[in-house]
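Chemist: Please read through the structure below; I'll follow up with questions.
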Amino acid sequence: MFERILEEIREKVRLRQYVMTLHAEEEMSDDELTIFDIERCLLTGEIVERQKDSNTGEWKHLVKGQTVADDKIIVVLKISPTGKLVFITVYRL
């Protein structure tokens, strides 16, 4: 259902065209995750939900995948107006 956007996300990960919010960094630290875990999730996972922000009208996507150690995680992200991925938060399932 979201194949085109998922391919766009994967291409941006491969090209390192992403930034991380402070909140996402804090959540990664709390859950003992690394950027390699986030990248693996996005490169091999699937979009499980799309949400529209009622204030900004921007779309954000929830990608479910696995870490390097095969733990299940969700990465919440959006594509910024500049075209970069913005990692909003991440959490273990």
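Chemist: Report the local net charge at residue 35: Lys and Arg +1, Asp and Glu -1, summed over other residues whose C-beta lies under 11 Å from its C-beta.
Modeler: -1
Chemist: Can you tell me the order of 52-58, 22-28 when each peptide is scored by its average per-residue count of other Cβ atoms within 10 angstrom, highest first?
Modeler: Highest mean packing first, the order is 22-28, 52-58.
Chemist: Using a Gaussian network model of the chain whose springs link C-alpha atoms within less than 10 Å, name the residue from 77, 43, 15 with the highest mean-square fluctuation.
Modeler: Answer for the Gaussian network model of the chain: 15.
Chemist: Which helices, taking whole DSSP H runs in the chain, have alpha carbons extending 27 angstrom or more along the helix axis plus mean Kyte-Doolittle at least -0.5?
Modeler: Result, helices passing both filters: zero.
Chemist: With +1 assigned to the C-beta of every Lys and Arg and -1 to the C-beta of every Asp and Glu, and no other charges, what is the dipole magnitude of the chain about the Cα centre in debye, to the nearest 20?
Modeler: 420
Chemist: Let me ask another. Once the Cα gyration tensor of the chain is diagonalised, what are the square roots of 5 times its eigenvalues, in whole Å and ordered largest first, as equivalent ellipsoid semi-axes?
Modeler: The answer is 19, 15, 13 Å, longest axis first.
None of the figures in this text is laboratory data; all of them are computed from the coordinates on show. Bear in mind the structure is a predicted one, so any value in this text is a computation, not a measurement. Virtual Cβ from ideal backbone geometry, glycine too; neighbours counted across all protein chains shown.
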